[in-house]
Number of protein chains: 2
Amino acid sequence: MTQEVGDLNFSVGYALKQAAAALRTAMDAGLRPLGLSVPQYACLELLGQRPGLSAADLARGAFVTRQSMHAVLLGLEERGLLERPAVAPQGRALPTQLTPAGRDILSRASRIVAAVERRMTQSLTTEGHQRLRADLAACVAALGQDPGDH
Amino acid sequence: MTQEVGDLNFSVGYALKQAAAALRTAMDAGLRPLGLSVPQYACLELLGQRPGLSAADLARGAFVTRQSMHAVLLGLEERGLLERPAVAPQGRALPTQLTPAGRDILSRASRIVAAVERRMTQSLTTEGHQRLRADLAACVAALGQDPGDH
DNA sequence: TGCGTCATGTCAGCATCCTGACATACGCTC
DNA sequence: GAGCGTATGTCAGGATGCTGACATGACGCA
């Protein structure tokens with residue numbers, strides 16, 4: 001019950017950062033052949049599951065700022081992987097949709113990422129898998145809902 | 001047993017990123033009054049636990065490149081929080097040490113970060129705490145040892 | 001001794017991301 | 001209808017981190 005952090009090998013926060021860094025590196029390596037960065041993949045994956053999301057929604061879901069997501073969207077739009085209406089149908093939000101090409105590359109990327117996740121959790125049992133996810137969710141909730149933006 | 005990632009709410013990788021982002025935000029907010037960024041704190045914490053580490057060692061421990069750590073060290077050295085010999089006593093590595101001022105600010109920073117960690121894991125039991133850390137370590141090991149650099 | 005490999009510190013260039021700011025559009029209250 | 005707060009898209013500037021590269025020192029091996 002010390003007041004300071006103590007040995008890093010016993011720190012949950014350090015282990016968390018370590019795991020996130022390793023996952024990021026593995027995803028980066030896996031997605032490179034497709035010419036996708038992790039934020040770009042995250043954007044596609046979110047759009048695949050919830051079509052019509054606005055740029056601000058995507059930014060919150062991918063844990064980046066609206067400005068960063070804006071740049072990501074411009075790049076993906078130029079590659080013809082997604083499309084947005086020129087004018088907002090309501091309010092200012094521009095609902096974004098995947099194109100067939102976007103769905104195609106997402107399908108391949110998602111398989112790659114799923115393989116990375118399976119590799120990451122291969123030594124965990126099915127219950128351990130869900131337990132880990134639940135524990136992480138509890139940590140997120142305890143730190144307060146994710147601000148995500150500014 | 002799908003091949004793709006599936007609903008993000010059931011993805012361990014997504015939960016991991018979410019938790020890491022929330023922890024980063026909370027640490028950032030807590031350390032701001034001390035004028036420390038997370039990488040700067042990580043550097044101090046590593047040096048406090050293992051004095052004499054080289055810049056390359058610190059970079060691996062903090063999950064950044066040598067170049068980034070180099071910039072961090074320059075800033076902390078200018079603030080008088082750590083000191084390095086002008087010439088390498090052996091090889092090229094410059095063993096870094098905290099100054100008394102560095103140890104002082106580290107002590108305060110470490111208390112803040114420890115409080116954040118306790119808040120993050122407050123809903124977990126003691127066994128749950130260690131279980132989560134073990135699970136994360138297993139994930140890191142399964143993804144292969146952390147490359148860390150280049 | 002000489003050579004190849006590796007690790008380290010450091011510099012330059014570039015990509016990425018964030019902070020700050022502004023204009024617009026909706027919802028709410030008065 | 002007028003005013004206020006909030007959310008969004010977008011632009012400019014700056015901080016931060018990374019890739020690439022080079023020189024130096026240590027070690028192993030022929």
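The values are calculated or read from the model by the stated rules, or taken from the named source; none is laboratory data. Since the model is a prediction, treat every value here as computed from it, not as a measurement. Here the Cβ is made from the backbone with ideal geometry for all residues, glycine too, and neighbour counts use every protein chain on show. These accessible areas exclude ligands, DNA and RNA; they are computed on the full protein's heavy atoms, side chains included. Shrake-Rupley method; radii C 1.70, N 1.55, O 1.52, S 1.80 Å.
Could you grab the relative contact order for chain B? Cα pairs under 8 Å, six or more apart, rounded to a whole percent.
Details: 125 pairs, mean separation 37.4, N = 150.
Contact order relative to length: 25 percent.
With point charges of +1 on the Cβ of Lys and Arg and -1 on the Cβ of Asp and Glu, referenced to the Cα centre of the stretch B:61-120, which listed residue (B:GLY102, B:ILE112, B:ALA86) lies farthest in the positive direction of the dipole?
Selected residue: B:ILE112.
So, with +1 on the Cβ of K and R and -1 on the Cβ of D and E, and no other charges, what is the size of the charge dipole of the protein assembly as shown about its Cα centre, to the nearest 20 debye?
Values: 32 positive and 28 negative charges, 12 e Å.
Dipole size: approximately 60 debye.
Pop a pseudo-label 7 angstrom from the Cα along the beta-carbon direction at both A:ALA101 and A:ALA141 and give the gap in nm to one decimal.
Result: 4.3 nm between the two label points.
If you wrap the protein assembly as shown's Cα atoms in a convex hull and average its projection over all directions, what's the area in nm²? Walk me through the numbers on the way to the answer.
Details: hull surface 69.9 nm².
Mean orientational projected area (the protein assembly as shown, Cα hull): 17.5 nm².
Which value, in Å², gives the accessible area per residue of the stretch A:28-88 when a 1.4 Å probe is used on the protein heavy atoms?
Working: 2820 Å² over 61 residues.
Value returned for the stretch A:28-88: 46 Å² of accessible area per residue.
Within 10 Å of each Cβ in B:126-139, how many Cβ atoms from other chains are there, averaged over the peptide? Before the final figure, lay out the partial values.
On the way: counts 0, 0, 4, 3, 2, 4, 10, 10, 3, 12, 12, 4, 8, 14.
Mean partner shielding for this stretch: 6.
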